[in-house]
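Okay, so here's the structure we're looking at.
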Ligand code: PMV
């Protein structure tokens, strides 16, 4: 084993979260320019230890914490490399806030896999990377669609359907995506479980919402192809209405979404699993300052600006 390094980025789901678990399409993008990356560096050492913002200590102890999924992934990687007892010290530096719908667990998993393949000087295909990331994502979330890992490891925005190879998709040529954090944690497993329960208890009421989210995403692909940011904004609002009816919005998310719309956004919605976490708003670039100021005044813990024209 050599010193290795692996990197990945935060992801933002534009449209299609939750329905993507049930086979509908989703559109998501890695947000590289806003400075939200995860970096993982393993180096040979006497024991098997980890330093990170969410867990620091011995790999064994990590199995009993919220680091358990990543700990399991590391263990399986070591077995794969025939290095079960290899000593190492792993440093994880991540600027991604956890449990905010930005795919922090998937980004960490992607960076861990890349780092160990680098440390064991082995080439890594994209398919293999996604299969590895699914190990910790399954342990953590139970039934992940794979969208988070596919986007955290992608170079370009993605059109994603569960079980199929992701495809690149065009983004608007101008405009801005404002990403605002409610400051409230939203746990993916709980939100995905809540939707699953509702679908089971009342399929007549909830199934059409999943289908409508799928239709919204398909229409969004057309709007993107026509560079029609105003229609895309309206589709954000339709998706948010469906997500809210599915029960995964929250008063904090609703407040920030309303503030963005009142201040001129074309559309706004939650992003990721919801029940806390982040919202996104789509707007003309010259509205960015006014909307950001309003979001901060409405208690957003943090606001990031992602300008499409500079990509
Ligand atoms: O909250 P995040 O960043 O883990 O996003 C979850 C996205 C879901 O569609 C709700 C679940 C999934 O597995 O796709």
How many percent of all Cα-Cα pairs in the chain sit more than 38 Å apart?
-> 14 percent
Please compute P(r) over all alpha-carbon pairs of segment 80-180, binned at 5 Å starting from zero, and give each bin as a whole-number percent.
-> 2, 11, 19, 22, 20, 14, 7, 3, 1, 1, 0
Would you mind calculating the relative contact order of segment 169-311 from Cα pairs under 8 angstrom and at least 6 residues apart, reporting the percent as a whole number?
-> 42 percent
Given a Förster distance of 35 Å, the FRET efficiency implied by the Cβ-Cβ spacing of residue 200 and residue 309, rounded to the nearest 0.05, works out to 0.20
Rounded to whole angstrom, the alpha-carbon centroid of segment 80-110 lies from that of segment 10-63 at a distance of 6 Å
Would you list 198, 114 from fewest to most Cβ contacts within 10 Å?
-> 198, 114
Ranked list, fewest to most other Cβ atoms within 10 Å of each Cβ, for 81, 67, 116 | 81, 67, 116
Running Debye on segment 6-167 with equal point scatterers at the Cα sites and no solvent, what base-10 log of I(q)/I(0) appears at q = 0.11, 0.12, 0.18 Å⁻¹?
-> -0.40, -0.48, -1.06
Neighbour-count ranking for 141, 307 (other C-beta within 10 angstrom, fewest to most) reads 307, 141
Fraction of beta bridges assigned by DSSP in the chain that are antiparallel (%, nearest 5) | 90 percent
Modelled label-to-label distance, residue 290 and residue 126, 7 Å Cα→beta-carbon offset: nm?
-> 4.0 nm
When ranked by the protection proxy of mean other Cβ atoms within 10 Å per residue, highest first, what sequence do the peptides 10-18, 40-48 form?
-> 10-18, 40-48
Between residue 143 and residue 53, what FRET efficiency follows from the Cβ-Cβ distance if R0 is 25 Å, with the result rounded to 0.05?
-> 0.40
Tell me, what is a quarter of the convex hull surface for the C-alpha atoms of segment 171-310, in nm² with one decimal?
-> 7.9 nm²
Report the paramagnetic label zone for residue 299: residues of segment 173-207 whose backbone N is under 17 Å from a point 7 Å from Cα along the Cα-to-Cβ axis.
-> 180-186
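Read-outs throughout are calculated quantities, based only on the coordinates presented, and are distinct from any laboratory measurement. Note that the coordinates shown come from a computational prediction; the quantities given were computed from them, not determined experimentally. Every residue, glycine among them, receives a Cβ derived from its backbone with ideal geometry; neighbour counts consider all protein chains shown.
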